[in-house]
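The values are calculated or read from the model by the stated rules, or taken from the named source; none is laboratory data. Quick caveat: nothing in here was measured; it's all calculated off a predicted structure. No Cβ is skipped: glycine too gets one built from the backbone with ideal geometry, and neighbour counts run over all protein chains shown. Only protein heavy atoms, including side chains, enter the accessible area calculation; ligands, DNA and RNA are left aside. Shrake-Rupley method; radii C 1.70, N 1.55, O 1.52, S 1.80 Å.
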Amino acid sequence: MSEDTVSHPTPPADAMVDALLGFLRCLGVEDGNAVYVSAPITTGRDFATWYPAQADQGTPAYWARLRKEIIAPNLERARPLVRRCRARWADRPVVDPTMLADIAGWHQPDYHRFWTRLVEQHAGTVVFSEGWQFSTGCALEFVAAQRVGAELLEHTLAPLSVEDGERLLHDAIAALDAAGCDSSALGAAARELSPAPAGGAVR
């Protein structure tokens with residue numbers, strides 16, 4: 001049997017995370033030198049009103065609509081912010097998570113683990129797109145960035161304080177609860193927020 005026809009198993013998620021982070025280092029991404037753009041992909045503000053109206057949740061038709069009506073618009077909304085960040089930080093690598101293709105065998109927690117590790121290890125600045133607070137992944141990235149003292153910025157590139165981020169999270173939780181959506185993941189992320197570093201220092 002030739003090498004081309006051998007069926008290789010998908011590496012465990014942790015091994016894949018290590019490999020992806022290593023590849024980023026090959027491209028010059030070093031500790032604290034990256035700008036990371038945190039943007040909703042599978043959820044977000046529109047998802048809160050879209051999801052309760054879906055009667056066939058979990059079916060192939062549901063996933064097709066999710067890609068067309070939520071994911072595709074989310075990706076398009078992220079593009080201008082990524083371009084603005086690359087113009088603003090031409091001397092630093094800007095990481096756009098919306099460009100990562102689906103990885104076979106991965107589920108949402110695997111993507112969350114990868115992106116939060118990237119933020120913790122490599123992001124000195126994290127820019128949060130408009131409506132980030134409705135996304136579990138973005139909320140976890142906010143917690144990770146705050147935990148390591150990264151610079152936090154709004155989509156306007158103005159500073160985003162931990163207090164304002166926490167307030168936005170709680171507002172999103174209230175909106176999700178009112179819409180009948182599960183807000184438990186956002187609540188868990190909000191509870192992980194730790195006191196800001198002394199003196200408001202950033203790395």
Between residue 175 and residue 147, what FRET efficiency follows from the Cβ-Cβ distance if R0 is 22 Å, with the result rounded to 0.05?
0.30
Given (i) 17.7, 54; (ii) 17.7, 63; (iii) 20.1, 61 as candidate values of Rg and Dmax of the Cα atoms in Å, which corresponds to the one derived from the coordinates?
(ii)
Which percent, to the nearest 5, of DSSP beta bridges fully inside the chain are antiparallel?
10 percent
Residue (of 129, 97, 108) at the positive-pole extreme of segment 60-129, dipole from beta-carbon charges:
129
So what does residue 26 come to for accessible area, using a 1.4 Å probe and Å² rounded to 10?
110 Å²
One finds, for residue 57 and residue 87 with R0 = 30 angstrom and r their Cβ-Cβ distance, a FRET efficiency to the nearest 0.05 of 0.15
Give the shape of segment 53-123 as rounded, prolate or oblate, defined through the alpha-carbon gyration tensor: a ≥ b ≥ c are the square roots of its eigenvalues, a/c under 1.5 means rounded, and otherwise the shape is prolate if a/b is larger than b/c and oblate if not.
oblate
Provide the gained length on full extension for the span residue 166 to residue 72, in nm with one decimal, where the gain is 0.36 nm per separating residue minus the Cα-Cα distance.
31.1 nm
Structure-based [θ]222 nm, the chain - -39500 (n - 2.57) summed over DSSP H runs of at least 4, per residue, nearest 500
-15000 deg cm²/dmol
What order do you get for 168-179, 95-106 when each peptide is scored by the mean count of other beta carbon atoms within 10 Å, highest first?
168-179, 95-106
Taking the Cα centroid of segment 151-175 and of segment 115-130, what is the distance between the two, rounded to the nearest whole Å?
14 Å
Excluding ligands and nucleic acids, what accessible area in Å² is computed for residue 183 using a 1.4 Å probe, to the nearest 10?
20 Å²
Lys, Arg +1 and Asp, Glu -1 on Cβ, resulting dipole of the chain about Cα centre, debye, nearest 20:
440 debye
